[in-house]
1. Just to check your reading of the model, which residue among Val196, Val157, Val161 is closer than 25 Å to Tyr92 by Cβ and modelled with pLDDT under 85?
2. Please go through the stretch 76-116 and pick out each residue that is over 18 Å from Phe203 (Cα atoms) and of a type in the set (Ser, Thr, Tyr).
3. Within the stretch 100-108, identify whether any single residue is under 23 Å from Glu29 (Cβ atoms), in a helix (DSSP H, G or I), within 15 Å of the chain's Cα centre (by Cα) and modelled with pLDDT under 90, and answer yes or no.
4. Going by the conditions given, is Leu3 at pLDDT below 80 and among the hydrophobic types (A, V, I, L, M, F, W, C)?
5. So which pairs qualify, if the first residue must be in the stretch 163-189 and surrounded by 11 or more Cβ atoms within 10 Å (Cβ to Cβ) and part of a loop (DSSP other than H, G, I, E, B), the second must be among the basic types (Lys, Arg) and at pLDDT below 75, the Cβ gap must be under 6 Å, and the two must be at least 6 apart or on different chains?
6. Restricting attention to the stretch 8-23, which residues are within 12 Å of the chain's Cα centre (by Cα) and farther than 12 Å from Asn124 by Cα?
7. For the stretch 130-162, give me each residue that is hydroxyl-bearing (Ser, Thr, Tyr) and free of Cβ contacts under 8 Å to residues at least 40 places away in the same chain.
8. On the given criteria, is Leu205 under 16 Å from the mean Cα position of the chain (by Cα), of a type in the set (A, V, I, L, M, F, W, C) and assigned to a helix (DSSP H, G or I)?
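The values are calculated or read from the model by the stated rules, or taken from the named source; none is laboratory data. This structure is a prediction, so every number in the text was calculated from the model and none was measured. Because the Cβ atoms are built from the backbone with ideal geometry, glycine has one as well, and the counts that use them run over all protein chains shown.
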Amino acid sequence: MNLLGAMYAAVLFLGGTNASAVQSVVSIERTVFYREKLLDFLNCLMHLLRWPLRWFHCSSNFCLHCYPLLYDRVEWTAAKFLLFYFFILTCYIYFTLYGMMLVALTPSHHIAAICMSFFLSFWNLFSGFLISRKLIPIWWRWYYWASPVAWTLYGLVASQVGDIDGLLEIPGAGSVTIKEYLKTSYGFEHDFLPAVVAAHIGFVLIFVFAFAYGIKFLNFQRR
């Protein structure tokens, strides 16, 4: 639980900070984009593509400099480190794109911040940390799979400890392997990681295309 709690805090709070910080910047740049769109369509398109790439660069630098220090306290293997870095990086990218998308789809960054807080509360509730997937009522379990944070926690935990066969002592239940405990208590399976990787790529693509659509076709200028 300590490992899951540390990952949960890093993912949700730092990711939420990314989504919040980007909104005011994108709101200002959107005004500049409206002006450029009237002048030159090609430059306008390049300007549009440059936004996600710039924030991708910032997120990758942040993860590259900060998270090896955190990972050094977990366990070192090359494959696990690459999976850890991938999930953390794509997590911050989709959080950043999520903030950008909300600005593109709403008239101002103030409204975008309200929408962001509303949906983040559901991402938090159905992340699998406060209530594990096994304990979520079946009629609400679909939202667990719709929460990007849940997929990130799944990937981080399953990739790091989901294949360990060491014994874990559970009071009143005897000894059970860590791998089996994660499967029965949280539903985390190491063999499901390819689908988790695909889901992260899918969330990034959904948010970036929704952002591009909002910026391109929605105009909230007051005349």
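1. One residue alone meets the criteria, Val161.
2. From the stretch 76-116, those over 18 Å from Phe203 (Cα atoms) are 76-82, 106-114; that's our starting set.
Thr77, Thr106, Ser108 - these are the residues of the stretch 76-116 that are over 18 Å from Phe203 (Cα atoms) and of a type in the set (Ser, Thr, Tyr).
3. yes
4. Details: at pLDDT below 80: yes; among the hydrophobic types (A, V, I, L, M, F, W, C): yes.
Criteria met by Leu3.
5. From residues that are surrounded by 11 or more Cβ atoms within 10 Å (Cβ to Cβ) and part of a loop (DSSP other than H, G, I, E, B), there are no pairs.
6. Residues of the stretch 8-23 within 12 Å of the chain's Cα centre (by Cα): 8, 10-19.
Across the stretch 8-23, the qualifying residues are Ala10, Leu14, Thr17, Asn18, Ala19.
7. Here is the first cut: in the stretch 130-162, the ones hydroxyl-bearing (Ser, Thr, Tyr) are 132, 143-144, 147, 152, 154, 159.
Tyr143, Tyr144, Ser147, listed by residue number.
8. Working: under 16 Å from the mean Cα position of the chain (by Cα): yes; of a type in the set (A, V, I, L, M, F, W, C): yes; assigned to a helix (DSSP H, G or I): yes.
So Leu205 passes the test.
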